[in-house]
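Please read the structure below before turning to the comments.
The values are calculated or read from the model by the stated rules, or taken from the named source; none is laboratory data. Model, not experiment: these values are computed from the prediction. Virtual Cβ from ideal backbone geometry, glycine too; neighbours counted across all protein chains shown.
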Amino acid sequence: MNARPTNPWAALSALCLGFFMILLDTTIVSIAVPDMLRELHAGLNAVVWVISVYLLTYAVPMLFTSRLGDRFGPKRVFLAGLVVFTASSLWCGLSGDVEMLIAARAVQGLGAALMTPQTLAFITHLFPPAERGAAMGVWGGVAGLATITGPLLGGFLVDTFGWSWIFYVNVPIGLVAIVLAVVLVPDWQPRHSHSFDVLGIVLSAAGLFCVVFGVQNGQHYDWGVVSGPITIPEIIGAGVLLLIAFVLWQRRNKREPLVPLAVFANRNFSAGTLTAATVGFTMTGMFLPLIIYIQTVLGLSPTMAGALTAPMSLLSGVVAPFVGRASDRVDGRYLVMAGLGLLAAGIGIIALQARPDSDPWTFIPALLVCGLGIGCIFSPMSNLTMSTVEPRLMGTASGIFNTSRQVGGVLGSAAIGVLLQARISTSVTREATEAAGQLPEPYRVPFVEAVSNAAAGAGEFGTSGGGDLPGLPPEVAARAAELVGQVVNAGLTDAARVTLVLPIAVLLLGIGSAAVLRRVTRHPEPARVG
């Protein structure tokens, strides 16, 4: 433990810079999806994996990495994560194909998993209960700042330098964060000598991977055979069985399970963890259909798309610190429920407004409603969930809480990705069938087949016009090319609207779980620093 005094707010600022970088890399990637589809010559499923593999390797090891902080010291594990994250960001930028990028993103997620649990553990160590709401408010404000910076900075970098620079930008940020963490963060040693539940780690990792792989790739393999006798339903089923085996093993392992099930006897922790999962699902899932719609259909550049979503994130970042302070004085569950309801309402308004010819800037009021909702969620949710956990379980609880949010994000990315692909295929085929009536009869079936095949592949839309139909007279080819644009825009719009209904439904589940949270009574306690 350091002998010199520690300024808790200075230490928090250093920790939050690393947390900012983690969240920046979640939001910054979404804005580059259309460019990745084109420049990497990849399908939508592969590019969704660029998002999902990061979330997966972020979520799965977090139960284990929270124990590492308890055993070796949160500062040391946090710094190790920063180094891994920064180096893998450079690797991401240097990737020449989508397979290499997916591998680099997997390592990047591992770096994020090392960092995140240490941040919350340090907040509970550095601040007394009466001040944790304010600290959580800063933490939530950083999340809002990352969400505004991601689309804006990402749009500028993609337009100016190319998609690789959304990863290169992490390198200088990471180096600054490493220096600040070394100087400002105390070398706190909880001195908890944990054993590691190797079987639990293997079962949870394998189970989550099978479920996510099966859900996300189901559409790609037509929900059938993947290789040899192995099918998508069998992979998903194996994942579910492995996760059941994981829970049973946690009950049987009396020594030191990866997830002490006793922590779920805490009502606030259980309800807060489920709420966090629904928030993670929504925050990851809502951006993919929204970004594809506003860039591909409405024609906004990445920079303008970032500018469109910026007010939402800005309002979230402004509101979060005030809500964090308020959660120390009022019943925080009502703040969480209001935030979830506002976020659901904002997404619903966007879905109702979306048309192929919508003015993009008319979405700003709905996006502001979303931003107000997001600003009301994170601080009180984290505060209520973590404040009643026993100190000896704090590291483990922090890992479980963060894991639940990231697992929700993984499932959100996978579920939204597969639903979006399915709806694109269905909607574009339907629109193509209707539009084909405007062509001479001999060309109708080939037109529908060509457009439907492109939609089923979820690849690049609108780049080839009607040129994929051989032997068309010039006047028919021109009309076919015009119809392709109309069909794709109408189909993508319908797919985005339908897909956005899923996160709304998940948020309703979150409102129910947040209603179970109980207000925490505060007692004065001296801050523990150094």
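Numbers at a glance
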{"item": "Selected residue (criterion: surrounded by the most Cβ atoms within 10 Å (Cβ to Cβ)) from residues of region 235-256 that are closer than 11 Å to Ser204 by Cβ and touching a helix residue (DSSP H, G or I) at 6+ places or on another chain (Cβ under 7 Å)", "result": "Phe246"}
{"item": "Unmet requirement for Leu94, which otherwise passes all of (1) modelled with pLDDT of 90 or more; (2) within 18 Å of the chain's Cα centre (by Cα); (3) not aromatic (Phe, Trp, Tyr)", "result": "(2)"}
{"item": "Check on Ala326, farther than 15 Å from Val506 by Cβ and under 23 Å from the mean Cα position of the chain (by Cα)", "result": "no"}
{"item": "Pairs where the first residue, in region 45-59, is in the same structural domain as Asn402 (by TED's automatic domain parsing) and within 13 Å of Val98 (Cα to Cα) and the second is charged (D, E, K, R) and at pLDDT 80 or above, C-beta under 6 Å, 6+ apart", "result": "Val50/Arg105; Val53/Arg105"}
{"item": "Lone unmet requirement of (1) modelled with pLDDT under 90; (2) under 19 Å from the mean Cα position of the chain (by Cα) for Tyr221", "result": "(2)"}
{"item": "Residue pairs meeting the criteria (Cβ under 6 Å; at least 6 apart or on separate chains; first in contact (Cβ under 8 Å) with a residue 12 or more places away in the chain, in region 155-177; second of a type in the set (Phe, Trp, Tyr))", "result": "Leu157/Trp165"}
{"item": "Residues within region 97-135 that are within 17 Å of the chain's Cα centre (by Cα), modelled with pLDDT under 85 and of a type in the set (S, T, N, Q), tallied", "result": "1"}
{"item": "Helices (runs of 4 or more DSSP H) wholly inside region 251-360 containing at least 1 residues that are of a type outside the set (Gly, Ala, Ser) and more than 23 Å from Ala146 (Cα to Cα)", "result": "267-285, 332-353"}
{"item": "Condition check for Gly373: modelled with pLDDT of 85 or more, part of a helix (DSSP H, G or I) and surrounded by 18 or more Cβ atoms within 10 Å (Cβ to Cβ)", "result": "yes"}
{"item": "Odd one out for Val297 among (1) closer than 30 Å to Met381 by Cα; (2) surrounded by 23 or more Cβ atoms within 10 Å (Cβ to Cβ)", "result": "(1)"}
{"item": "Residue satisfying all of: in region 422-435; buried (at least 20 other Cβ atoms within 10 Å of the Cβ) and among the hydrophobic types (A, V, I, L, M, F, W, C); farthest from Gly218 (Cα to Cα) among these", "result": "Ala435"}
{"item": "Residue within region 77-85 that is at pLDDT below 95 and not in a helix (DSSP H, G or I) present", "result": "no"}
{"item": "Pairs with Cβ under 7 Å, 6+ apart, first in region 253-270 and in contact (Cβ under 8 Å) with a residue 24 or more places away in the chain, second in a helix (DSSP H, G or I) and of a type in the set (Val, Ile, Thr)", "result": "Leu258/Ile201; Val259/Ile400; Pro260/Thr396; Val263/Thr396; Val263/Ile400; Asn268/Thr385; Phe269/Val263; Phe269/Thr385"}
{"item": "Unique residue being closer than 20 Å to Ile292 by Cβ and buried (at least 24 other Cβ atoms within 10 Å of the Cβ) when the list is Leu419, Leu367, Leu352, Leu411", "result": "Leu411"}
{"item": "Candidate set: region 257-268, residues that are within 20 Å of Pro61 (Cα to Cα) and not β-branched (Val, Ile, Thr); chosen: the one surrounded by the fewest Cβ atoms within 10 Å (Cβ to Cβ)", "result": "Leu261"}
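Condition check ((1) buried (at least 24 other Cβ atoms within 10 Å of the Cβ); (2) at positive phi; (3) free of Cβ contacts under 8 Å to residues at least 40 places away in the same chain; (4) not assigned by TED's automatic domain parsing to the domain that holds Ser398) across all residues:
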residue: Phe78; (1), (2), (3), (4): yes, no, no, no
residue: Thr86; (1), (2), (3), (4): no, no, no, no
residue: Met100; (1), (2), (3), (4): no, no, yes, no
residue: Gly109; (1), (2), (3), (4): yes, no, no, no
residue: Pro117; (1), (2), (3), (4): yes, no, no, no
residue: Leu120; (1), (2), (3), (4): yes, no, no, no
residue: Gly133; (1), (2), (3), (4): yes, no, no, no
residue: Gly137; (1), (2), (3), (4): yes, no, no, no
residue: Leu152; (1), (2), (3), (4): no, no, no, no
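Yes/no per residue for (1) aliphatic (A, V, I, L, M); (2) at pLDDT 90 or above:
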residue: Gly272; (1), (2): no, yes
residue: Ala276; (1), (2): yes, yes
residue: Gly280; (1), (2): no, no
residue: Ala307; (1), (2): yes, no
